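The values are calculated or read from the model by the stated rules, or taken from the named source; none is laboratory data. These numbers come from a predicted model, not from an experiment. Positions of Cβ are generated from backbone atoms using ideal geometry, with glycine treated the same way; all protein chains shown enter the neighbour counts. Quick note on the areas: whole protein, heavy atoms, side chains included, nothing else; ligands and nucleic acids left out. Shrake-Rupley method; radii C 1.70, N 1.55, O 1.52, S 1.80 Å.
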Amino acid sequence: MKEEITRVLEAARSEIKKADSMHEIMQLKSRYIGKKSILNGLMQKLGTLTKEERPAFGKILNEAKVRISELLLQRDQEIKNLKYKKTLKKEVLDLTMPGRKREIGTLHPITKVWHEIEDIFISMGFEVAEGPDIEDEFHNFDALNTPHDHPARDLSDTFYIEDDVLLRTQTSTVQVRVMENHKPPIKIISPGSCYRNENDASHSPMFHQVEALIVDEGVTFADLRDMMNIFVKKMFGENIESRFRPHYFPFTEPSAEMDIICVKCLGKGCNLCRGTGWLELGGAGMVDPNVFDMLGINSEKYTGYAFGLGIDRIAMLKYKIPDMRLLFENDIRFLQQFK
Ligand code: DAH
């Protein structure tokens with residue numbers, strides 16, 4: 001029996017040495033010293049021995065049990081240490097590695113162009129005026145001499161919130177608000193958001209315009225033409241020419257649409273200008289005397305000009321952006337190009 005115990009002890013020693021997980025340790029524990037273990041089996045056999053033999057074997061058995069549990073504990077500690085060392089190795093701090101960079105944001109291209117437009121006009125003595133995005137029909141249409149059956153007033157073109165409450169379709173509303181509250185001379189620009197029910201590569205349901213209004217004695221169409229020319233050259237470069245085409249707006253007479261020479265082909269004709277050599281920038285004209293009369297400004301004494309330009313359009317032309325929707329998708333890969 002003594003040899004048997006020695007054999008068991010040796011077997012346990014060599015198996016414990018080889019164990020390399022906590023799970024294995026648990027298994028060995030139950031195999032050698034647990035309830036149904038080999039040593040417990042030998043314990044049962046003690047009964048077959050003589051009274052004299054029993055204490056000595058009982059002692060050896062107990063010592064073997066204690067030894068095995070010591071070995072198990074020792075190996076268990078070793079395994080834990082090894083695991084710890086491995087983790088330390090894996091999580092080592094490399095102080096020579098480059099740090100994680102914090103990205104700095106950039107102004108949106110529309111905001112950039114917006115600021116640039118403001119700077120140009122402020123440098124020429126304009127003040128910046130503001131008006132609400134949510135308007136009534138008077139400021140958006142009636143005071144701008146727009147008749148009741150004008151197509152722009154249609155539900156399919158304009159976002160109505162309720163009867164007589166709508167999202168402004170143009171920043172021309174601010175002309176009205178300024179003339180309601182100020183006597184000439186007036187010299188303002190008003191950049192802001194506008195809303196129309198359209199959505200394609202060159203139209204967005206929310207877009208931006210900058211309105212301008214000058215009212216004083218002796219203001220002429222030539223002044224308007226001159227101002228537009230100066231603006232275009234400051235915005236796009238000295239080589240960029242502009243032209244007026246006759247047009248109709250209810251609130252100006254005469255009215256014009258303004259084009260600039262194509263920024264891509266400089267007038268030769270390309271895909272951007274659809275072969276015409278020109279790009280449309282916005283509308284302009286002399287304030288219609290009807291508008292002055294409606295707002296209590298003496299149309300015998302004063303004349304004025306106004307224009308409205310698309311800020312998004314200007315941004316698209318300046319940065320050669322082919323689709324207006326890119327401006328509003330907020331894809332970071334697109335926006336990062338404007339750093
Ligand atoms: N509000 C016009 C539009 O959205 C643009 C415009 C044309 C503004 C002529 C003006 C103007 O001030 O005089 O189409």
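Measure off, as a whole percent, the carbon and sulfur share of the 1.4 Å-probe accessible area of the chain, all protein chains present.
Of the solvent-accessible surface of the chain, carbon and sulfur hold 53 percent.
For each cysteine in the chain, check whether another cysteine's C-beta sits under 4.7 Å from its C-beta; list those where none does.
So far as the 4.7 Å Cβ criterion goes, CYS194 stand without a partner in the chain.
When only C-alpha pairs under 8 Å and at least 6 residues apart count, what is the relative contact order of the chain, in percent?
In percent, rounded to a whole number, it is 15.
Taking every pair of alpha-carbon atoms in the stretch 109-338, give the share separated by more than 29 Å as a whole percent.
26 percent
Taking Cα centroids, how far is the stretch 1-51 from the stretch 305-339 in Å?
Each part reduced to its Cα centre gives a spacing of 81 Å.
Where Lys and Arg each count +1 and Asp and Glu each count -1, what net charge lies around MET286 among other residues with Cβ under 13 Å from its Cβ?
Taking every Cβ under 13 Å from that of MET286, the sum is -3.
So what's the angle, to the nearest 10 degrees on a 0 to 90 scale, between helix 221-236 and the longest Cα principal axis of the chain?
On a 0 to 90 degree scale, this one is about 30.
Can you work out the accessible area per residue across the stretch 188-235, with the rest of the protein chains kept in place, probe 1.4 Å, in square angstrom?
Normalised by residue count, the accessible surface of the stretch 188-235 is 38 Å².
Where only protein heavy atoms count, and the probe is 1.4 Å, what is the accessible area per residue for the stretch 2-90 in Å²?
Here the residues of the stretch 2-90 average 75 Å² of exposed surface.
Please list, by residue number, every one of the GluC sites (Glu not before Pro) in the stretch 162-232 that is coil in DSSP and has at most 16 other beta-carbon atoms within 10 Å.
Those satisfying the criteria are GLU198, GLU217.
How far is helix 53-90 tilted, in degrees, relative to the longest principal axis of the Cα atoms in the chain, given as a value from 0 to 90 rounded to the nearest 10?
20 degrees
Please give me the summed charge of the neighbours of TRP114: other residues whose Cβ is under 14 Å from its Cβ, Lys and Arg +1, Asp and Glu -1.
Combined, the nearby Lys, Arg, Asp and Glu give -3.
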